[in-house]
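Taken together, the values in this text are just the output of simple stated rules run on the coordinates, not laboratory data. Just so you know, these numbers come straight off a predicted model, no measurement behind them. Using ideal geometry, Cβ is built from the backbone for each residue, glycine included, and neighbour counts are taken over all protein chains shown.
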Amino acid sequence: MAADVATSAPARGFFHPSGNSRDLVVCGGFAATGAASEIRRADVALVLGAGLNQFTMAFGEAFGELAEVLQVDLETQTTNPRINHFISADNTTVVDAVLLKLRTQNFHAPRQLYLDDNPLTCPGGHFIGGANTYFDLESRDSIVLLGTAFQSIGLGFPTAVGVATAAGQERLTVLVTGNGGDMMALTDADTFLRTECAHHC
């Protein structure tokens, strides 16, 4: 699944991640500072067989407030009120079913969605070098740069809405932007996300 992996303290050493997975070692009070920070950043946490007691949960601080926490356990009900979704089942059965479904859907495909003829929007900011240095562009109108001439940030979302509208449904508009610019243009983020032909990275 290429996901970060951590265990409860008694289960340390159970997993040996490889490939794109990272071993964050342990979740909870014994987690290293950097690992704990990464765990709190997770959008989704899949909990397999861990009871999630107060120590594994770091007294409620292990996961971010917006994280969706899914628990799979042989118990008949969730073992912690923080759980958003619960499945009473054998871990091996559930994991095998999930991996089969992901392979069937080719879940790595989004990593390959960017095509050379997709319109690219890139406002100014510290991140600007990545897209302009490494993305292949098919034509001179494949990229729209905003704010670089007068050193301004925060123009990404509103610009991408216009680019996506002009490009149409048949082309995926890609916006490459940074945290600072995003925060300055949150009022336009909703419109951008509702534009079906746009993608944010």
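Here are the numbers:
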{"item": "Sequence of Phe135, Phe14, Phe157 once ranked by neighbouring C-beta atoms within 10 Å, starting from the fewest", "result": "Phe14, Phe135, Phe157"}
{"item": "Rg ratio (alpha-carbon, reference 2.2 N^0.38 Å) - the chain", "result": "1.26"}
{"item": "Cβ charges +1 (Lys, Arg) and -1 (Asp, Glu), total dipole of segment 113-200, debye", "result": "220 debye"}
{"item": "Segment 113-200 - Rg over Rh from alpha carbon coordinates, Kirkwood radius", "result": "0.93"}
{"item": "Ranked list, fewest to most other Cβ atoms within 10 Å of each Cβ, for Met183, Met57", "result": "Met183, Met57"}
{"item": "Spin-label model distance (nm) - Glu38 vs Ser152, 7 Å beyond Cα toward Cβ", "result": "3.9 nm"}
{"item": "Rotationally averaged projected area of segment 5-109 (alpha carbon convex hull; nm²)", "result": "6.9 nm²"}
{"item": "Separation in nanometres of the label points that stand 7 Å from Cα toward Cβ, at Asn179 and Thr133", "result": "2.0 nm"}
{"item": "Residues with amide H under 5 Å from that of Val26, placed H, sequence gap 5 or more", "result": "Thr7, Ala32"}
{"item": "For the chain: relative contact order, % (alpha-carbon pairs under 8 angstrom, 6 or more apart)", "result": "13 percent"}
{"item": "Nonlocal amide H pairs with Thr121, under 5 Å, H built at 1.01 Å", "result": "Val144, Val174, Leu175, Val176"}
